[in-house]
Number of protein chains: 2
Amino acid sequence: MSATEITTSTIVTELLESDFAKALVQQIRVNDPYGTYRHWSDELLLKPFVVSRAQKREISVDGDVDPTTKGRILVFYRAIAARIEQQTGQLSQVVVDLSHEGFGWALIFSGRLLLVVRTLRDAQRFGFDSFEKLIAEGDKLANMGIEMATRYSDVCKL
Amino acid sequence: MSATEITTSTIVTELLESDFAKALVQQIRVNDPYGTYRHWSDELLLKPFVVSRAQKREISVDGDVDPTTKGRILVFYRAIAARIEQQTGQLSQVVVDLSHEGFGWALIFSGRLLLVVRTLRDAQRFGFDSFEKLIAEGDKLANMGIEMATRYSDVCKL
């Protein structure tokens, strides 16, 4: 094993310990009624969220979004919603609306307040350059949601 | 023509003159790129929104929502959004998210504020008992949205 590989692996282990990675893994495991992933490691579960630029180019954006990819998008936003709930105690809902062309919206809301609003495009190619980017994006959106939920808590309660 | 028929027809004519009916008709006509409905009367355009209880029972709720029905749901909420915009000047977005089983959400939002939130079920059977009920429901939801947009106008601007 080269020095680079050791370093990468250490970073991944640390990232897997982050709150967002744990929330993501938990969302996958609770949606696993047949226990398909019971013996899979957390790292293996999160691997499909990392899609390199070269891999993305190979995925066609014509036609429908693959159901597995759609499920992955839903899990990503549910994990963000779970993080917001843990921090603020506000229950929230996730809605992912995708057209057949891979365009659409990802929304997280609590009461009448939208905590997270994202437009999606080329959703067929959903994924992040690296584990770091995945966790960073999840944390960023969760923090934006937490700030909204704290600032307009009265609108959450409607 | 019997007296009842004359009365019914007068009521329908009055209802077609209502702001909500006009908004609904406009939404259908702007989404008609090939001019299919150019020679259709407004009444004929709105007729499919009226579905009797007996007709509903005949529509299966197993499987996907018919694309035409889905389009009708979208048009209904877009008309509500248009009414809210006319009254408040707040631009809004409509998201209809339906699962394959006819369950889902209809959302109208402006900025970070949800103006209208509706859960949908048995969406395969979307429709109203009568023209009166269609207009009444559209007006009710539009008024609720207008009240929200007025009360929390700062959240709309986010």
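The values are calculated or read from the model by the stated rules, or taken from the named source; none is laboratory data. Because the structure is predicted, anything quoted here is derived from the model rather than measured. Neighbour counts are summed over all protein chains in view; Cβ atoms, including those assigned to glycine, are modelled from backbone coordinates with ideal geometry. What goes into the accessible areas is simple: the full protein's heavy atoms, side chains included, and nothing from ligands, DNA or RNA. Shrake-Rupley method; radii C 1.70, N 1.55, O 1.52, S 1.80 Å.
Structure data summary
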item	result
Set of lysines with alpha-carbon distance to A:Lys133 below 28 Å, sequence-local pairs under 8 removed	A:Lys22, A:Lys47, A:Lys56, A:Lys70
Chain A, closest residue to the rotation axis toward B, by beta-carbon, whole angstrom	A:Asp97, 2
Stokes-Einstein diffusion coefficient of the range A:83-146, Kirkwood radius over Cα pairs, 10 °C, 1.306 mPa s, in µm²/s	124
Selected from B:Gln90, B:Ile146, B:Gly35, residue furthest toward positive end of dipole (chain B; charges at beta carbon)	B:Gln90
Value at 222 nm in deg cm²/dmol, rounded to 500, when DSSP H runs of n ≥ 4 in chain A each add -39,500 (n - 2.57)	-16500 deg cm²/dmol
The protein assembly as shown - Rg over Rh from alpha carbon coordinates, Kirkwood radius	1.05
Per residue accessible area in Å² of chain B, where ligands, DNA and RNA are left out and the probe is 1.4 Å	55
Debye intensity ratio in log₁₀ form over the Cα atoms of the range A:3-156, taken at each q of 0.14, 0.17 Å⁻¹	-0.73, -1.05
Per-residue average of Cβ from other chains inside 10 Å of A:97-105	2
Span-rule helices in chain B, defined as complete DSSP H runs reaching 18 Å or more along the axis (Cα) with Kyte mean at least -1.0	B:3-16, B:67-88, B:131-151
Loop trypsin sites (Lys or Arg not before Pro), the range A:1-85 (other Cβ atoms within 10 Å of the site Cβ: 11 or fewer; DSSP)	A:Arg38
Normalised contact order of chain B, rounded percent, pairs of Cα under 8 Å and 6 or more residues apart	26
Surface share of carbon and sulfur [accessible, 1.4 angstrom probe, percent] for the protein assembly as shown	51
For B:Val65, distant residues with modelled amide H under 5 Å away	B:Gly102
Protein heavy-atom accessible area occluded, B/A pair - total, 1.4 Å probe, Å²	1700
Sites B:His39 and A:Thr68 - FRET efficiency at Förster radius 35 Å, r taken between beta-carbons, to 0.05	0.15
Dipole magnitude of the protein assembly as shown, debye to nearest 20 (Cβ charges: Lys/Arg +1, Asp/Glu -1, about Cα centre)	240
Reach of B:Lys157 by Cα under 23 Å, taken over lysines that are not fewer than 8 positions away in the same chain	A:Lys140, A:Lys157
Net +/- balance of residues flanking B:Gln27 in space, Cβ distance below 11 Å, scoring K and R +1, D and E -1	+4
